[in-house]
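**Q** Here it is, the structure, as structure tokens.
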Amino acid sequence: MKTTNGQLGYIAIDQYGMTYQIGENPPRKWLLDLFGRQHADKMYCDTNKGSSQHIGYIIAGRWLSIYRVCSWK
């Protein structure tokens, strides 16, 4: 499951603290399939520099933050 750049995959955490281990699959498609939906809104967070950064998706009423899991080595 380990890729050459040390990335192990993705994990999503919703607003209730539920975690979803996505693995190396594309996070958006995997989550849409999981919840049986065809549309996802992007979720953004403001940065210290005044811009915004895409951090996850809103799918089926869940706010899902996406994290890349990497090796510590």
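The values are calculated or read from the model by the stated rules, or taken from the named source; none is laboratory data. This is a predicted model, so every value here is computed, not measured. Neighbour counts are summed over all protein chains in view; Cβ atoms, including those assigned to glycine, are modelled from backbone coordinates with ideal geometry.
**Q** Scan segment 44-73 and report the pairs whose first residue is of a type in the set (S, T, Y) and whose second residue is part of a loop (DSSP other than H, G, I, E, B), with Cβ atoms within less than 8 Å and a gap of 6+ or a chain change.
**A** Y57/A40; S65/D14; S71/K2; S71/G6
**Q** Identify, by number, the condition in (1) at pLDDT 95 or above; (2) in contact with a helix residue (DSSP H, G or I) (Cβ under 6 Å, 6 or more places away or on another chain) that R37 doesn't meet.
**A** Here R37 clears every test but (2).
**Q** I'm trying to understand the selection: among the residues of segment 41-73, which are within 14 Å of the chain's Cα centre (by Cα), over 22 Å from Q7 (Cα atoms) and of a type outside the set (V, I, T)?
**A** D41, K42, M43, Y44, C45, R62, W63, listed by residue number.
**Q** To continue, here is another question. Show the residue pairs that are 6+ apart or on different chains and have beta-carbon atoms under 8 Å apart, the first residue being within segment 21-42 and outside any strand (DSSP E or B), the second being of a type in the set (K, R).
**A** F35/R62; A40/R28
**Q** Which of the residues spanning segment 43-73 are more than 16 Å from Y10 (Cβ to Cβ), in a loop (DSSP other than H, G, I, E, B) and among the polar types (S, T, N, Q)?
**A** Once the filter is applied, which keeps residues that are more than 16 Å from Y10 (Cβ to Cβ), in a loop (DSSP other than H, G, I, E, B) and among the polar types (S, T, N, Q), segment 43-73 yields T47, N48, S51.
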